[in-house]
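Presented below is the structure to which this report refers.
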Amino acid sequence: MFAQFRWVSAVVAVALIIAGCGGAQKTDGVDDKVTTMGSVEVTAKIVNITGEFPPNDLYDYAYVMKYEVLQSHRGEAPQTLYVGQYNPLKPRAEAADARSGEIGGDVTEFRVGDVHRLALEVPIDEYCMAGIINKYAEQTQDPIYWAVWTNRVVQ
């Protein structure tokens, strides 16, 4: 019985060590792009994504997501932000094209609860040359921000 307990304890200990090492490394999302591009820079959490992203094979578009600002780094931003991400099914490093201009970052997918370091411009329609899918249009008159650079934050 004691030998079995020791074996189980050892297995649990190894699993905990592996889980701790296999987790994502902490990062504040800072790089040269996010700290210099755009007129606003924030760390914010996605609190809502309405619906599903349309496929990218039909047309290029910016999809508006709702963020809550956790920290403002540069420029002025309200506590709640509506941010248009260009072609959100593509990783940020592959999203830029002739229509979007220079955009990017290290985010590979968008999920509610994720925290991002964002370089932003406002209003979106001065920067985005594609369709804008904004399912919040009837709920708010707040400005829509254009995501220039989006990096993942792991706390």
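Every number here is computed from the coordinates shown, using simple stated rules; none is lab data. Everything numeric in this text was worked out from a predicted model, so none of it was measured. Note that we place each Cβ from the backbone using ideal geometry, even for glycine, and neighbour counts take in every protein chain shown.
Observations, loosely collected:
- Dipole size of the stretch 56-113 about its Cα centre, with +1 on Lys/Arg Cβ and -1 on Asp/Glu Cβ: approximately 160 debye, rounded to the nearest 20.
- Whole-number percent relative contact order across the stretch 40-153, with pairs defined as alpha carbons under 8 Å at least 6 apart: 33
- Within the stretch 40-153: Cβ-based charge dipole about Cα centre, in debye rounded to nearest 20 (Lys, Arg +1; Asp, Glu -1): 320
- Distance from the alpha carbon centroid of the stretch 120-155 to that of the stretch 70-94 works out to 7 angstrom.
- The average projected area of the stretch 40-153, computed from the convex hull of its Cα atoms over all directions, is 6.3 nm².
- Potential lengthening of the chain between ALA98 and GLN71 amounts to 6.6 nm, from the contour at 0.36 nm per residue minus the alpha-carbon distance.
- Under a 5 Å amide H cut-off, with hydrogens placed 1.01 Å from N, VAL34 pairs with nothing among residues at least 5 apart or on other chains.
- HN-Hα J in Hz across the stretch 86-98 - Karplus 6.51, -1.76, 1.60, θ = phi - 60°, x for Gly and Pro: 6, 6, x, 6, 8, x, 4, 5, 10, 7, 5, 8, 4
- Top positive-direction residue, dipole computed over the stretch 40-153 with Cβ charges, set ILE133, GLY101, LEU70: LEU70
- With θ taken as phi - 60° and the Karplus curve 6.51 cos²θ - 1.76 cosθ + 1.60 applied, the whole-hertz 3J(HN,Hα) list for the stretch 111-123 is 9, 4, x, 5, 10, 10, 9, 10, 9, 10, 10, 8, x Hz, x standing for glycine and proline.
- When only the Cβ of Lys, Arg, Asp and Glu is charged (+1, +1, -1, -1), the dipole of the stretch 92-155 relative to its Cα centre reaches about 200 debye.
- For the stretch 58-132, the set of trypsin sites (Lys or Arg not before Pro) satisfying both a DSSP loop assignment and a count of at most 10 other C-beta atoms within 10 Å is given as ARG111.
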